[in-house]
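Report on one structure; see the data block that follows.
Just so it is clear, none of the values below were taken in a lab; they were calculated from the coordinates. The structure presented is a predicted model; accordingly, all values stated were derived computationally and were not measured. Reconstructed Cβ throughout: ideal geometry from the backbone, glycine too, with neighbour counts over all protein chains shown.
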């Protein structure tokens, strides 16, 4: 293989949409000794695509992927999020073109079918796909039965295909264990956490009194509805700022008004302003019970904020309980409120945990750390001469 390998990133979107898209673009900008190309299925954005050596939109992978592979002739494929898509087109062409494949897992939805964001699904998510997933197809949670049966079939197919992929990348050890429970070969899985670019120095922004911040999409899985239920248990004065938008916003705003909660909904906020809001806050709460990683917690640590989160999956590997913040039992709203109260009442505790969080980020959750581990995998696959 050439000294400067050709890497083809494959993702659903070719635009700024979320974590996967930011990850792909930052790798293309930061790994200068690799030639980066992109194959995507929808949503082209010229500003996003300009960093790639070439980019290719392909709405139907079965019909068009092979032509792109022939054109780019990659040494390595890295496949991110492809909603409902099979890996078959890439597996078929691999033997003929001789490339290696890495599949990245950023969300549990690519692995198991659940019944919703509730206690039962949290328990079932620990098990391999099986009868509980089949029964979940009959549930009524806003999806049609047809969609859920197709979703289950896709997951079964994907798990079979994973056994043929060269390397599987998981962002947490919990994700690795989930893949292993579902039959993925343990020897092909490596853990590589996502990152935040460390700010050179903390922003000189005055802290807002009693301020709590929530950052994320206003969808059921992010758990803001649980945080709103916890607020009445607080004994300390508080002001919750909500940064983000989504289909639940109207209902959440109505709940806050009806219960006279001190909450301000700011909607979608630009990245620079998000940083200023984080710097001005006293702590961040991450109330998701299905958090595969949790970039908002890493961003909070970047600004030396302590974090309160449910003790599930991603948060357990980001938050050092009692050191950089607190982890509480999922759905235990009174315990969550007690931990928030403790931080609101104690400035020295906030500063100590915030400083420890910043140090933890610099040691584990940087771009350089991620690239070093990825480069080791590429070296193992023979991508460098």
The chain, helix-only ellipticity at 222 nm - DSSP H runs n ≥ 4, -39,500 (n - 2.57), divided by all residues, nearest 500: -12500 deg cm²/dmol
For the range 211-364, shape from the Cα gyration tensor axes a ≥ b ≥ c, cut at a/c of 1.5 then a/b versus b/c, turns out rounded
So how do 326-335, 344-353 stack up, highest first, on mean other-Cβ count within 10 Å? 326-335, 344-353
Modelling each spin label as a point 7 Å along the Cα-to-Cβ direction, I'd like the residue 359/residue 202 distance in nm, to one decimal. 1.4 nm
Checked the range 26-74 with the C-alpha gyration tensor, a ≥ b ≥ c its square-rooted eigenvalues, rounded below a/c of 1.5, otherwise prolate if a/b is larger than b/c and oblate if not; verdict oblate
With a cut-off of 20 Å, note down the residues of the range 57-74 whose backbone N falls inside the zone around a label point 7 Å from the Cα of residue 15 toward its beta carbon. 57-61
Mean separation of Cα contacts under 8 Å (6+ apart) over length of the range 255-385, as relative contact order %: 21 percent
Gain in length, residue 210 to residue 31, computed as 0.36 nm per residue apart minus the alpha-carbon separation, to one decimal in nm? 60.3 nm
Could you please state, rounded to a whole Å, how far the C-alpha centre of the range 182-240 is from the C-alpha centre of the range 14-90? 29 Å
Describe numerically, in nm with one decimal, the distance between label points set 7 Å from Cα along Cα→Cβ at residue 180 and at residue 260. 5.3 nm
Can you give the FRET efficiency for residue 62 and residue 376, using 1/(1 + (r/R0)^6), R0 = 45 Å, r = Cβ-Cβ distance, to the nearest 0.05? 0.85
Would you calculate the separation in nanometres between label points at residue 4 and residue 217, each defined as 7 Å from the Cα along the Cα-to-beta-carbon direction? 3.6 nm
Acute angle (nearest 10 degrees) that the helix 61-72 long axis makes with the longest principal axis of the chain, alpha-carbon atoms: 70 degrees
With the 8 Å Cα cutoff and a minimum separation of six or more residues, the chain has a relative contact order in percent of 15 percent
What angle do you read, to the nearest 10 degrees and between 0 and 90, between the alpha-carbon axis of helix 367-380 and the longest principal axis of the chain? 30 degrees
How much length would be gained if the chain were fully extended between residue 351 and residue 96, taking 0.36 nm per residue of separation minus their Cα-Cα distance, in nm to one decimal? 86.1 nm
Within the range 28-48, find all residues whose amide N lies under 20 Å from a label point positioned 7 Å from the Cα of residue 245 along Cα-to-beta-carbon. 43-48
R0 = 35 Å: FRET efficiency of residue 161 with residue 53, Cβ-based, nearest 0.05? 0.80
Given a Förster radius of 30 Å and the C-beta distance between residue 70 and residue 44 as r, what FRET efficiency does 1/(1 + (r/R0)^6) yield to the nearest 0.05? 0.90
